[in-house]
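The values are calculated or read from the model by the stated rules, or taken from the named source; none is laboratory data. A quick note: this is a predicted structure, and the numbers were derived from the prediction, not measured. FYI the Cβ positions are ideal-geometry reconstructions off the backbone, even for glycines, and counts take in every protein chain you see.
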Amino acid sequence: MIAVALALAVTATDKVDVRPAADLTISGIAAAAWLFPEIFQQQLAPAHCRICDGADNSGLPGTGSADGLNGVDAWFHDATVGWLVSRKTADTASNVWAYLLAPLGAAAGAWTTTGPYATEGAGYRAMAIVGESAVVSGALVQAFKFTLARKRPFVRYGTGETSGTYDVNDAGSRLGMPSGHTAFVTSLGVSLAMTATLQESQAAPWLWAGAAVASVATGMLRMMAEKHYFTDVLFGAAIGGASGTVIPLLHRRGGPLSSEGMSLAPQGGGFALSGRF
């Protein structure tokens with residue numbers, strides 16, 4: 001679908017554009033950087049946490065106290081874990097929401113809110129821009145997760161081992177910062193809203209409100225599931241928001257990732273680089 005979207009020609013009336021070769025390259029590299037560490041997580045994850053939030057540096061089990069953990073994360077942990085629903089229910093709900101419902105909603109939104117200047121294929125191009133933003137955010141999240149190696153709350157507090165809800169021996173128990181779910185959903189929402197804004201769609205204000213609600217809801221579910229601290233969620237939202245803002249801006253007509261953004265043409269004895277920057 002993305003290949004079809006990028007292959008469609010765009011006319012001068014559209015406010016956003018794509019560069020097929022550049023976009024496919026960026027998306028492909030970002031997708032590989034996101035999925036490869038996920039597939040080989042057990043082999044690539046650090047053997048011990050680097051951010052352990054306490055003296056229990058071995059990572060198993062947690063101390064069950066707030067010693068060594070900042071007050072903000074400790075407060076949000078106590079206020080949200082198991083709130084409304086159980087840890088496992090919140091975890092399942094966050095997975096379904098982040099990786100099924102939110103992407104479907106973002107795709108539908110990109111298709112239907114292309115604005116008054118849209119030409120044929122505008123929906124596909126908007127979907128491609130939103131998808132590119134999401135995979136870029138996923139790649140950035142993985143880079144930070146494997147570098148920071150922060151212990152997840154359920155390990156820090158010892159509840160994963162005692163309840164049997166999670167596997168505290170899994171390598172993912174040391175990859176808590178930032179929140180990938182929050183980054184992914186935020187990138188989808190923000191990129192959708194930003195793309196609609198650039199296209200002067202009347203739906204843009206509603207999409208911005210929806211992006212905020214979706215991001216907060218995702219972060220809450222991840223904290224309720226005891227998979228992330230508040231700062232993990234905040235960091236994830238920042239990554240998703242940055243990706244969701246920058247990628248669409250680069251696709252503005254005349255921008256670096258638009259078809260007329262730059263060109264390399266022969267001139268005299270060499271080549272000339274031209275375009276709008």
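For the range 114-172, the set of residues classified as modelled with pLDDT under 95, under 30 Å from A204 (Cβ atoms) and among the polar types (S, T, N, Q) consists of T114, T119, listed by residue number.
Surrounded by fewer than 18 Cβ atoms within 10 Å (Cβ to Cβ), part of a helix (DSSP H, G or I) and among the small types (G, A, S) - does that describe any residue in the range 80-92? No, the range 80-92 has no match at all.
Taking every residue in the range 94-110 that is in a helix (DSSP H, G or I) and pairing it with any residue that is at pLDDT 95 or above and among the β-branched types (V, I, T), at least 6 positions away or on another chain, the pairs with Cβ-Cβ distances below 6 Å are A98/V185; A98/T218; A102/V185; A106/V130; A110/V130. Among the residues of the range 178-206, those identified as aliphatic (A, V, I, L, M) and surrounded by fewer than 24 Cβ atoms within 10 Å (Cβ to Cβ) are L198, A203, A204. If you check S191 against the conditions, is it hydroxyl-bearing (S, T, Y), within 27 Å of A93 (Cβ to Cβ), modelled with pLDDT of 95 or more and part of a helix (DSSP H, G or I)? Spelling it out, S191 is indeed hydroxyl-bearing (S, T, Y), within 27 Å of A93 (Cβ to Cβ), modelled with pLDDT of 95 or more and part of a helix (DSSP H, G or I).
If we keep just the residues of the range 28-52 that are among the β-branched types (V, I, T) and within 20 Å of V135 (Cα to Cα), which is nearest to the chain's Cα centre (by Cα)? Ranking the candidates gives I29 first.
Within the range 202-217, the presence of at least one residue that is over 15 Å from the mean Cα position of the chain (by Cα) and either assigned to a loop (DSSP other than H, G, I, E, B) or modelled with pLDDT under 90 (or both) is confirmed. Would you call Y117 farther than 26 Å from Q42 by Cβ and part of a loop (DSSP other than H, G, I, E, B)? The answer is yes for Y117. Under the condition of being of a type in the set (D, E, K, R), surrounded by fewer than 24 Cβ atoms within 10 Å (Cβ to Cβ) and under 23 Å from the mean Cα position of the chain (by Cα), the residues counted in the range 152-177 number 1. Test T147 against the stated conditions and say whether it is over 21 Å from N95 (Cβ atoms), buried (at least 24 other Cβ atoms within 10 Å of the Cβ) and of a type outside the set (G, A, S). When the stated conditions are applied, T147 does not pass them.
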